[in-house]
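Each value in this text was obtained by applying a stated rule to the coordinates, not by laboratory testing. Just so it is clear, the model here is predicted, and its values are computed rather than measured. Cβ: placed from backbone, ideal geometry, glycine included. Neighbour counts: every protein chain shown.
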Amino acid sequence: MKRIVHIITSLSGGGRERRMSQLVAAMRDSADYDTHVIVFSHNNDYLADYPAKKIHFVNKNVGKVSFVRSLMRQLKALSPDIVHLWTEINTVMLAVLLSKNRLGFKLVLGYIADGNPIRRFSYRKMSEWACRKADAIVSNSMAGLVAKKAPMEKSHVIYNGFDFARLEAKPFDENALRSELHLGKKRVVTMVARFDRAKNWDMFMSVAEKFALDEDVRFLTVGDGPMIAEYKEKAASNVVFAGRRNDVENILKITSLSLLFSNSAVHAEGVSNSIMESMAAGVPVIATRGGGTAEIISDGENGFIVEPDDVDSATRLCRELVVDNPEKRNEMGEKAVDEIKSRFLLSKMTADYVVLYDNLICR
């Protein structure tokens, strides 16, 4: 049996953490691979049921030299055949690259997840070194590989996988949820994202304001972040702030339309989990152009792509789908589900990674 060691900063939080955890859980009973995780935080939201003896904590807060040595000792003790690296922290990459020289494992770089170029000189140089030493590089979008200038001869796109069981995993009482969020019987337009500079919340608020006189539509924000207080102060009365939630699947069941507006000046999406989850729930998405968004949304078919800051187009399309033409919205929603089922299933993601691992081991 071959051993895979995944290295990630935390087992709670965002998209890459969920993606890695889904992969590890899916391979738990593999007859060919013994899967372990090295993590630098005790928080564990995604792998709470995974065998504790296969999750190894390394303290990152002991100084860079001590941390590198500790991580290298842990890798030596596990003696992996494959190391799958999910974080681009320089000290982590240094420890992994030095260990690769000594232990001879195959290295998969799996931290590319957005369409942003690497701007800091030190990170760019470390990434270039890691790409030269890696046996395979994986991104969840082609846009990510292009932005990071990954060598294409060893690069692979493996899209995020959605588990449709998630849609039925949590108890759901529509009336109770609507009451809790003060939505009544209103039609709901939702944006699930952090309140930070990466997302274009100004655009969201501007679209919402265009509907301020429509008593039948509410704009729901799901997420928190450093800028949430600022937007609470200037939001129109038809905007509802749900904060951070662990029942996004249920919120999507009461959502007519999802939005994802990115701040193109500082951020480009990879293939967004927010978009994928909305589409899986049969909710069409209006998103801003950039990054890997066009790799999941077929404009005009299963959603719409608008230009950054194009409030007028976003408002027009929002009104068309939510107010004027619910039949078109439902048709788009059905096509969105078909897209996820054909290209973004968790089973497909897992199978693609297993093929990659098999090919690396056979070299």
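What's the extension gain from Glu331 to Leu103 if we count 0.36 nm per residue and subtract their Cα-Cα distance?
On the way: separation 228, 0.36 × 228 = 82.08 nm, distance 5.36 nm.
Taking 0.36 nm per residue and subtracting the Cα distance, the gain is 76.7 nm.
If each residue's Cβ is checked for other Cβ atoms within 10 Å, how do Glu295, Glu230 rank with the fewest at the top? Don't skip to the answer; put the middle values down first.
On the way: Glu295 20, Glu230 11.
Fewest-to-most Cβ neighbours within 10 Å comes out as Glu230, Glu295.
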Residue order, fewest to most beta carbons within 10 Å, for Tyr123, Tyr111: Tyr123, Tyr111
Residues with amide H under 5 Å from that of Val240, placed H, sequence gap 5 or more: Phe219, Leu220, Thr221
If you take every DSSP beta bridge whose two residues both sit in segment 164-343, what share of them, in percent to the nearest 5, is antiparallel? 5 percent
Roughly how many debye, to the nearest 20, is the charge dipole of segment 164-343 about its Cα centre, given +1 on each Lys and Arg Cβ, -1 on each Asp and Glu Cβ, and no other charges? 380 debye
Net length gained if the chain between Ser70 and Lys133 were fully extended (0.36 nm per residue, minus Cα distance): 20.5 nm
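Taking 56 Å as R0, compute the FRET efficiency from the Cβ-Cβ separation of Ser41 and Asp338 and round it to 0.05. It would help to have the intermediate numbers written out before the result.
On the way: r = 38 Å, r/R0 = 0.67.
Step by step, r from the Cβ atoms, then E = 0.90.
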Translational diffusion coefficient, Stokes-Einstein: compute it for segment 164-343 using the Kirkwood radius over C-alpha pairs as Rh, at 37 °C and 0.692 mPa s, and state it as an integer in µm² s⁻¹. 204 µm²/s
Estimated distance in nm for a label pair at Asp358 and Asp312, the labels positioned 7 Å out from Cα along Cα-to-Cβ: 5.4 nm
Return a whole-number percent for the relative contact order of segment 111-266, with Cα pairs under 8 Å and 6 or more residues apart as the contact set. 23 percent
Please work out how much length the chain gains when fully extended from Ala294 to Val62, using 0.36 nm per residue of separation minus the C-alpha to C-alpha distance, in nm with one decimal. 79.3 nm
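What number, in percent, do you get for the relative contact order of segment 164-343 if the mean sequence gap of Cα pairs under 8 Å and at least 6 apart is divided by its residue count? Provide the component values of the computation, followed by the final result.
Numbers: 305 pairs, mean separation 38.4, N = 180.
Computed value for segment 164-343: 21 percent relative contact order.
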So what J values fall out for segment 223-230 if you push phi through Karplus, 6.51 cos²θ - 1.76 cosθ + 1.60 with θ = phi - 60°, rounded to Hz, Gly and Pro as x? x, 10, x, x, 9, 5, 4, 4
Taking R0 as 22 Å, what's the FRET efficiency between Lys234 and Glu174 from their Cβ-Cβ distance, rounded to 0.05? 0.15
Two decimals, Cα atoms only, Kirkwood Rh: what is Rg/Rh over the chain? 0.99
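Using unit Cβ charges (K, R positive; D, E negative) and no other charged atoms, how large, in debye to the nearest 20, is the dipole of the chain about its Cα centre? Can you show the working numbers first?
Numbers: 51 positive and 46 negative charges, 443 e Å.
That gives a dipole near 2120 debye.
Please go through the residue pairs Lys54/Lys133; Lys199/Lys253; Lys2/Lys106; Lys199/Lys232; Lys53/Lys170 and name each one whose alpha carbons sit more than 19 Å apart in this structure.
Correct reply: Lys54/Lys133; Lys199/Lys253; Lys53/Lys170.
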